[in-house]
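No lab work stands behind these numbers, since they all come straight from the coordinates. On a predicted model such as this, the values are computed, not experimentally measured, just so you know. All Cβ positions, even for glycine, are placed from backbone atoms using ideal geometry, and neighbour counts span all protein chains on display.
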Amino acid sequence: MTLNLEQESSLTKALREIHELQSQVQELEQQHQNYVRSQQRLISTIAEICISPMQEVQALRILVCKGEADCRRYLRLLLVKRRLVGKNQ
């Protein structure tokens, strides 16, 4: 009788751990989907803001090497430069 209770307790514990892991996997999948959507929007923004292929390559390089925040900073810099050039013309 004791062995059966111990086995049942082990199975219950294992099932609980499996459920917890499944929850963690679902949460990670959601975070990954959010990350992918964010990166896709940023890449679309890069295509909209960059005038030359060289700027696009630089923006993508910054995104990959330094991260999203630095890439957004670079894109803002491009927009500011574009406005300044437009005002001077």
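Rounded to the nearest 10 degrees, what's the angle between the helix 53-66 long axis and the longest principal axis of the chain, both from Cα atoms, 0 to 90?
Computed tilt is about 40 degrees.
Per the helix-only calculation at 222 nm, which mean residue ellipticity applies to the chain, given -39500 (n - 2.57) for every DSSP H run of n ≥ 4 and division by its residues, nearest 500 deg cm²/dmol?
-33500 deg cm²/dmol
Over the alpha-carbon set of the chain, work out the extent along each principal axis and list the three values in angstrom, largest first.
Ordered largest first, the chain gives principal extents of 90, 19, 15 Å.
Kindly put Cys71, Cys50 in sequence by how many other C-beta atoms sit within 10 Å of each C-beta, fewest to most.
Values: Cys71 23, Cys50 18.
In increasing order of surrounding Cβ atoms, one gets Cys50, Cys71.
Can you put Ile18, Ile49 in order, fewest other beta carbons within 10 Å first? Present the calculation step by step, with values, prior to reporting the outcome.
Numbers: Ile18 10, Ile49 16.
Neighbour counts put them in this order, fewest first: Ile18, Ile49.
To the nearest 0.05, how large is the calculated FRET efficiency for Asp70 and Arg16 if R₀ is 41 Å and r is the Cβ-Cβ distance?
So, using R0 = 41 Å, E works out to roughly 0.45.
Compute the long axis of helix 2-49 from its Cα atoms, compare it with the longest principal axis of the Cα atoms of the chain, and write down the angle in degrees, 0 to 90, nearest 10.
It is inclined by approximately 10 degrees.
Mind sorting Thr12, Thr45 by how few other Cβ atoms lie within 10 Å of their own Cβ, fewest first?
Thr12, Thr45
Any chance you could run the full-extension gain for Arg37 through Ser23? It's 0.36 nm times the residue separation minus the Cα-Cα distance, nm to one decimal.
Details: separation 14, 0.36 × 14 = 5.04 nm, distance 2.13 nm.
Computed gain between Arg37 and Ser23 is 2.9 nm.
For the chain, set up a GNM with springs between Cα atoms under 10 Å and report which of Gln40, Gln24, Gln55 has the largest fluctuation.
Its mean-square fluctuation being the largest, the pick is Gln24.
What is the helix-to-structure angle for 68-88, meaning the angle in degrees between its Cα long axis and the longest Cα principal axis of the chain, kept from 0 to 90 and rounded to the nearest 10?
20 degrees
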